[in-house]
Amino acid sequence: MAAPPELGAVLAGRRDMGSSIELTAADGHRLAAWQAAPAGKARGALVVAPEIFGVNSHIRAVADGYAADGYLAIAPALFDRVQRGYQTGYAPDEIQAGIAIMQKIGFDDALRDVAAAIAHGQAAGRVAIVGYCWGGTVAWLAAARLAGMSCAVPYYGGGMPGHMGEQPKCPVLCHFGERDKSPTPEQARALLALHPEVAAHFYDAGHGFNCDQRGSYDAAASALARTRTLAFLAQHLG
């Protein structure tokens, strides 16, 4: 199905690998998503939960990258419930705008939209989720609350310490920064102490170290985390 015109207009003319699709959540909400398909048969599907900046060029590039590695990648526009087609950059005012929208999105609604992406991805086989920043918290909650996932990979989910009591139903691999403030490494280790079954790595980097459009980008940490993520996905998806 075609994407809502707002996101379709935003994406028009870009040379991304993927394309815009539309998903329908269980409550009837229709949301856009960026879908990138591999060249051959998919090894499985990967839901990409975005940061507070929407399905912007970075998240589309992340999805495209996982498609190049053989996965059907689906990045749902989780902010569509508040502002359709929302995407932005990383300037201080844009960060504040993203936070304001994020605060209007309940995790129950975000997980309904993730569940729609999971259902869509099941045609490609097993399904996993990877999430960044706010999306990292979404990935953590999805691992605990949603069925149909083979594994989850949260990157520096700032809200994860507030949900320490959640019990993942699938294998989880976490990536944290030693110089992060959301979550702090102390908060991350406190969570991990409650969940010895969860695998985790810490990097000499700050928040958002995976995003090459942010000042906090750390190329070495990003590359190592991606290598570990791909090994984890190969183990649990194929």
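With one equal scatterer per alpha carbon and no solvent term, the Debye-computed log10 I(q)/I(0) for region 84-189 at 0.10, 0.11, 0.15, 0.19 1/Å reads -0.29, -0.36, -0.66, -1.01. Computed over the Cα atoms of the chain, the ratio of the radius of gyration to the Kirkwood radius (Rg/Rh) comes to 0.93. Loop-located trypsin sites (Lys or Arg not before Pro) in region 22-60 (DSSP state not H, G, I, E or B) with no more than 12 neighbouring Cβ atoms inside 10 Å: Lys41.
How many percent of the accessible area of the chain is carbon or sulfur, using a 1.4 Å probe? Can you show the working numbers first?
Details: 5020 of 9550 Å².
The C+S portion of the solvent-accessible surface of the chain is 53 percent.
Scan the chain and hand back the longest stretch that contains none of the GluC sites (Glu not before Pro) lying in DSSP loops with at most 15 other Cβ atoms within 10 Å. The segment 1-177 is the longest one with no such site. Over region 61-132, the ratio between the Cα radius of gyration and 2.2 N^0.38 Å evaluates to 1.23. Selection among Ala67, Ile129, Ala220 by position relative to the dipole of the chain gives Ala67 as farthest towards the positive end (Cβ unit charges, Cα centre). Across region 212-227, rounded Karplus estimates of 3J(HN,Hα) from the backbone phi angles (6.51 cos²θ - 1.76 cosθ + 1.60, θ = phi - 60°) give 6, 9, 10, x, 8, 4, 10, 4, 5, 5, 4, 5, 5, 5, 5, 4 Hz, Gly and Pro being marked x.
Using Cβ point charges alone (K and R +1, D and E -1), the dipole size of the chain about the Cα centre works out to roughly 460 debye. Sorting Thr24, Thr229 by accessible area puts them as Thr24, Thr229; the probe is 1.4 Å, largest comes first, and only protein heavy atoms count. With no solvent and one equal point scatterer placed on each C-alpha of region 128-224, evaluate the Debye formula and give log10 I(q)/I(0) for q = 0.11, 0.12, 0.17, 0.18 Å⁻¹, two decimals. The Cα Debye sum returns log10 ratios of -0.27, -0.32, -0.64, -0.72. Taken as Cα centroids, region 142-166 and region 83-115 sit 18 Å apart, rounded to the nearest whole angstrom.
Mean residue ellipticity, 222 nm, helices only, the chain: the sum of -39500 (n - 2.57) across DSSP H runs of n ≥ 4, divided by residue count and rounded to 500, is -11000 deg cm²/dmol.
Count charges around Ile118 for me, please; just the other residues with Cβ under 12 Å from its Cβ, Lys/Arg as +1, Asp/Glu as -1. Walk me through the numbers on the way to the answer.
Values: positive: Arg112, Arg126, Arg145; negative: Asp113.
My count for the surroundings of Ile118 gives +2.
Any idea of the accessible area per residue across the chain, 1.4 Å probe, to the nearest Å²?
Numbers: 9550 Å² over 238 residues.
Accessible area per residue: 40 Å².
Backbone geometry of region 229-238 corresponds, through the Karplus equation with coefficients 6.51, -1.76 and 1.60 at θ = phi - 60°, to 3J(HN,Hα) couplings of 5, 5, 5, 5, 5, 4, 5, 9, 10, x Hz, x marking Gly and Pro.
The values are calculated or read from the model by the stated rules, or taken from the named source; none is laboratory data. Computed from a predicted structure; not experimentally measured. Neighbour counts are summed over all protein chains in view; Cβ atoms, including those assigned to glycine, are modelled from backbone coordinates with ideal geometry. Each accessible area value is taken on the protein alone, full model and side chains, heavy atoms only, with ligands, DNA and RNA left out. Shrake-Rupley method; radii C 1.70, N 1.55, O 1.52, S 1.80 Å.
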